[in-house]
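What follows is one structure encoded as C-alpha cells, with my remarks underneath.
The values are calculated or read from the model by the stated rules, or taken from the named source; none is laboratory data. These numbers come from a predicted model, not from an experiment. When we count neighbours, we look across all protein chains shown, and the Cβ atoms used for this are built from the backbone with ideal geometry, even at glycine. Note: areas computed on protein heavy atoms with side chains; ligands, DNA, RNA excluded. Shrake-Rupley method; radii C 1.70, N 1.55, O 1.52, S 1.80 Å.
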Amino acid sequence: MIRRVSTTSCLSATAFRSFTKWSFNSSQFLGESLDSSVSPLLIPGVHVFHCPDVVGIVAKLSDCIAAKGGNILGYDVFVPENKNVFYSRSEFIFDPVKWPRSQMDKDFQTIAQKFSAMSSVVRVPSLDPKYKIALLLSKQDHCLVEMLHKWQDGKLPVDITCVISNHERAPNTHIMRFLQRHGISYHYLSTTDQNKIEEEIFELVKDTDFLVLARYMQLLSGNFLKGYGKDVINIHHGLLPSFKGRNPVKQAFDAGVKLIGATTHFVTEELDSGPIIEQMVERVSHRDNLRSFVQKSEDLEKKCLMKAIKSYCELRVLPYGTQKTVVF
Amino acid sequence: MIRRISERVSGFAKNFPILKSSRFHGESLDSSVSPVLIPGVHVFHCQDAVGIVAKLSDCIAAKGGNILGYDVFVPENNNVFYSRSEFIFDPVKWPRNQVDEDFQTIAQRYGALNSVVRVPSIDPKYKIALLLSKQDHCLVEMLHKWQDGKLPVDITCVISNHERASNTHVMRFLERHGIPYHYVSTTKENKREDDILELVKDTDFLVLARYMQILSGNFLKGYGKDVINIHHGLLPSFKGGYPAKQAFDAGVKLIGATSHFVTEELDSGPIIEQMVESVSHRDNLRSFVQKSEDLEKKCLTKAIKSYCELRVLPYGTNKTVVF
C-alpha cells in the first residue's frame, strides 16, 4: 500500500487534499515537495504498544510519529476496567527518507523504555521481511490446502519455510506437487507414542517467526514450547472450551448441540487451552448427519484459521491477562 | 388462525381445493353454512416402515382436511420415523374426538412411540408454571410476551425461592393478571420438592427461568412431564453457576445461551435451541452479562414457542428433533 504525493497535478492534490493535508504541509514546511522530482514516497507502518497505564502515553506515541512527519490513519486504544494496563495499535504512513527504518525502531524503543513496556513492536510491511512460518499437520490436509492457496493468491503475507507432517504423502498428490512447484520443503517425521521427535522438529523450525498447527494431532510438550520460544497457533474444530481433544465433531454430534464451531488459539502445554484468538459458528439441526457436521466444521476451520493468522501478521493480536487476547 | 371460505371472495376461494370438496358435498352453495376451517397439527414418531406418510395423509384427506405443511425426518442408519403435519379441516366434518381416534388407529398400527394432535383453537392452552430464583429478567420477558399474546400458554403460577416485595413490577403484574406467586424457600437440606410438586402437578410442563436449584430425579419422575430450562452459556461449555463469568475468564470470543430439557444431571439434558453473540476484549463482565441476558430471553421464548407448536421431539437419548 504505497501512496505518492505529487505537487504537479493540482487535480490529484485537490482530490487527496483531506488525506494528504498534513504530510503535504509538513513536506512544504520542510521545503521538499516543491521539487516534483523528489516527491516523498509514503509507506505504511504499524506499531503496537503494551505497557502499564499512565497519563500521557498516547500523546507521546502520537508526537513521536508526527515529529518525523508520519500521518496516523488509524488508532486503537484499549485500557481495561480495573486493570492498570494500556494497549494501543496505530496505523500510519511515513516517508522512510525522513524517518529511516532503524531510527523508527530507536524512537519507539526510547518510549518503550520510558513506559517500561511489556511489548513494543513496529512493522513496516513493505520493508520488513515477511514472517517466516512452518506449517505442521497430520493426516487431514484441508487446512493446509486452504493456506497454500491463500498464500499463492497473496492473501497470506508470510514466507512458508517448510511443511512438517507425521504422515507420509505420495509425490503425485496435489499437495506434494504444489509444494515442489513452489520450492517449499516437505518433511515427513514419524511420531510414536514414545517419541514425538520434538528435537528434529525444533531443528527444522528454530528460525521461523511462528508456527501454525493446521490439524497437527500431536501434543507439543512444554519443553518444546519453551525451547522454541515463539508463538504457536492452533486450529481446533470445536467451540472451545467444549469438545477438547480428539474428534470434537463427533463429540458435538453426540451431544446434540444446535451450533458447531471452530476456535483458533495459542498453544500452551495444556491441550486446547491456550488464549483464544478467534471463534466462528454455524447452525446444525437434526437434519445434519455426522458427515455434514464434519463438512461444516472443516469450512469453519479454514475461515477461522485464516482470519487468525491474518490478524496475527497485522499485529492485531496481543496477550491479555493469563488466558485471553486483545484482538484489535 | 381461522379461515372462512365464502363464495363472495372468489379470488381467494378459487385456488382453494376445500371449496371444491365442499361443493362436492353440497354445503357451500348455501353461503350461510360456509365451512369454517381451523388448523390442526399432528406429530408422529414411530419405527420406520414403508407407507406411513401415505396412511397419515390419507387419514387427513379422507376427512376433507388439507395439508398445508409437512415435515418428515428419517435419520440415517436409524430405524425411526418422525413427521409433523400442519393441516386445516372442518370440525363439523371431522369432529375433534374423531380426529384423536383416527390418528390413534394409525398410531397403534405402527406401534408409535408418540402420536399427538393439537387443535389450537379448540384445545385448552398448555398450563405451565414458571420457576425462578433471584434474577427475573427471563420471567419478565415471558410475562410480557404472554400478555402480548405471543406465548400461547396459561400461566398457572409462579414459584420462587426468593421473596419479592409486593410493590415490585413483577408482583404487581402477577396480581393484575390473577397469577399466584408462591415463595417456596429452599435450604441445602430441604429443596421443598414435595411442596413444589403439589403446586405444579396439574401443569402440562414446567419452565425454569433462572431457577438455580437442582430438581432431583425423584421430582422429575414424580412430575412425569417435560421441564424446560434456560442456561446462559453455550452448553456443554460452562455448566453450573455464573456461566457468564466462566466465559469471561476463559477469554472466549463468542458467548451464548442454551434451552434444554431438564434431566437429573445438571445442565445436561437434550438441547432444544442455542444462540450466540460475539464478544471481544472490549467487553467487560457487565456487558458479557448483558449480552447473555438478551440471548437468554430470546432463546427461552423460541424454545417454548417451538415446544407449544409440537416442533420438539426426542431423538436418541440426548438430542432433539426440532421441526
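Only protein heavy atoms count here; under a 1.4 Å probe, B:Lys63 has an accessible surface of about 60 Å².
Taking chain B as a Gaussian network, Cα atoms linked when under 10 Å apart, which of B:Leu151, B:Leu132, B:Leu68 shows the biggest mean-square fluctuation? Of B:Leu151, B:Leu132, B:Leu68, the most mobile in the Gaussian network model is B:Leu68.
Run through region A:159-209 and list the trypsin sites (Lys or Arg not before Pro) located in a DSSP loop whose Cβ has at most 15 other Cβ atoms within 10 Å. Qualifying residues, ordered by number: A:Lys206. Distance between the C-alpha centres of region B:249-305 and region B:87-118: 37 Å, rounded to the whole angstrom.
Considered as an equivalent ellipsoid built on the Cα gyration tensor, chain B has semi-axes of 41, 23, 20 Å, the largest given first.
Taking only the C-alpha atoms of region B:52-124, the Rg (one decimal) and the largest Cα-Cα distance, Dmax (whole number), read 12.7, 42 Å. The aspartates and glutamates within cross-link reach of B:Lys319, meaning a Cα-to-Cα straight distance under 16 Å and a gap of 8 or more places when in the same chain, are A:Asp254, A:Asp288, B:Glu76, B:Asp226, B:Glu264, B:Glu265, B:Asp267, B:Glu273.
Comparing region A:164-206 with the 2.2 N^0.38 Å rule of thumb, its C-alpha radius of gyration ratio is 1.29 (two decimals). Summed over all non-identical Cα pairs, the Kirkwood treatment of region B:141-258 gives a radius of 16.3 Å. Restricting to Cα atoms and excluding each atom paired with itself, what does the Kirkwood estimate give for the protein assembly as shown in Å? So the Kirkwood estimate lands at 29.9 Å. Once C-alpha pairs closer than 8 Å and six or more residues apart are averaged by separation and normalised to the residue number of chain A, the relative contact order reads 13 percent. For region B:237-323, GluC sites (Glu not before Pro) meeting the loop criterion (DSSP other than H, G, I, E, B) and having at most 14 other Cβ atoms within 10 Å: B:Glu264, B:Glu265.
Over all orientations, region A:200-328 has a Cα convex hull whose mean projected area works out to 8.0 square nanometres. The lysines whose alpha-carbon is closer than 28 Å to the alpha-carbon of B:Lys93, local same-chain residues fewer than 8 away aside, are B:Lys14, B:Lys20, B:Lys55, B:Lys63, B:Lys125.
The mean number of partner chain beta-carbon atoms within 10 angstrom of a residue's beta-carbon across peptide A:256-264 is 6.
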